[in-house]
Amino acid sequence: MKSPMMAELADLDPARDLRAPGRPDDAALQEILGSARRATPIRRSTRPAVLAGAAAAAVVAVAGVATVWWPAPPAAFASWTAVPSDVTPAEVAARAEACGRVAHGVAEGEDGPHLEDVPISPVLAEQRGDYTYVLLTGKGATGECLVTTRASGATDVVGGDAVLASAPAAPGPRDVTTVHVGTASWSEGDTGDGALTSAYGRVGADVASVSLATTAGERVEATVQDGWWAVWAPGEASLRATAELTFSDGATTEVAVSR
C-alpha cells in the first residue's frame, strides 16, 4: 500500500500512462520490428595512409560528409644536396656577417663562475642548395650558423648557436676528432626551417675527405677546410654515427663520429 505522499508523487510522473518499452502489446514497437530493413554498404578507401604528428591530417565535416585533407610534404630544406657546393671567401664573409661573432657562456675563474664573451670567427663554410652552413671558432669556443637567401634577395639567419667549450685535441695525421654531433634545436623554432642534424670536428693533415651516410642510406660528403670538417642534413638524428675517411694516398678507413 502506497503512502499518501508516494501516491501524490506517482501522479506527478509525466510517463505514468506510458507502457514500458518492449511489451508485446506495444504497437509502435511491433511496427518497427515488422518493417523491411536494408543494409547500406560502407565504402572504405584502399589507399594506405600513414599519419605522424599532431598536424598529420585535418578533418572537415560538410553536410554530414567527412573529408580528410592530407598536407603536402614540408618544403623545409627542399633544396638540400648531399654534395656541398664551393663557397668563395667573399661569399663566406658576406654570409657569415649575419651570424653572431661572440660566444656567451659561464667560465670558471679564481673568484668563481662568471659570464664570459669569447670572440669567434668563421673557419669553414659549405653550401647545400639555398642554405649555407658556417662553422665559427675562438679560444675555447665554437659556434655554428645556418643562413639562406630568400626570394627577396635578403640573407636570413635560420638559426645558430655558440658555446664555450674546451679546445678539441689536435688529431693525428690520419685521424679526426668529433666536437659535436646531434640535432640542432635552434633550427626548430619560430624562425627556423625545421629539425636538422649537424656534426663537426677537427681533421688530420692526411685526411683528404670525410663522408657519412644518412639513416636512409644516402651518402653525404662533408666539407673539409682549414683543419676542420663539418656536415649537416635535414631531420632529427638523420646522420649515422660512422664516417669514411679518404686519405691523400687513396686509402680509406671507417671511424666513429658519435660523442
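The values are calculated or read from the model by the stated rules, or taken from the named source; none is laboratory data. The shown structure was predicted, so the numbers you read here are calculated from the model rather than taken from an experiment. Every residue, glycine among them, receives a Cβ derived from its backbone with ideal geometry; neighbour counts consider all protein chains shown. Note: areas computed on protein heavy atoms with side chains; ligands, DNA, RNA excluded. Shrake-Rupley method; radii C 1.70, N 1.55, O 1.52, S 1.80 Å.
Scanning the stretch 200-222 for residues that are out of contact with any His (no Cβ under 8 Å at 6 or more places or on another chain) and crowded, with 22+ Cβ neighbours inside 10 Å yields 203, 207, 210, 212, 220, 222. From the list 178, 197, 148, the lone residue that is surrounded by 17 or more Cβ atoms within 10 Å (Cβ to Cβ), polar (S, T, N, Q), in contact (Cβ under 8 Å) with a residue 60 or more places away in the chain and out of contact with any Pro (no Cβ under 7 Å at 6 or more places or on another chain) is 178.
Against the test of being of a type in the set (S, T, N, Q) and within 23 Å of residue 214 (Cα to Cα), the options 137, 178 yield a single qualifying residue, 178. Among the residues making up the stretch 145-174, those that are at pLDDT 80 or above and farther than 21 Å from residue 126 by Cβ are 164, 169, 170, 172, 173, 174.
What number of residues in the stretch 204-259 are among the charged types (D, E, K, R) and either within 23 Å of the chain's Cα centre (by Cα) or on the phi > 0 side of the Ramachandran plot (or both)?
The qualifying residues number 7.
Of everything listed in (1) modelled with pLDDT of 90 or more; (2) within 24 Å of residue 141 (Cα to Cα), the single unmet condition for residue 188 is (1). If a residue has to be assigned to a strand (DSSP E or B) and either on the phi > 0 side of the Ramachandran plot or open to solvent by less than 50 Å² (accessible area, probe 1.4 Å) (or both) to count, how many in the stretch 79-136 make the cut? Result for the stretch 79-136: 19. Condition first: surrounded by fewer than 16 Cβ atoms within 10 Å (Cβ to Cβ) and in contact (Cβ under 8 Å) with a residue 40 or more places away in the chain. Can you find one or more residues in the stretch 184-192 that meet it? No, that holds for no residue.
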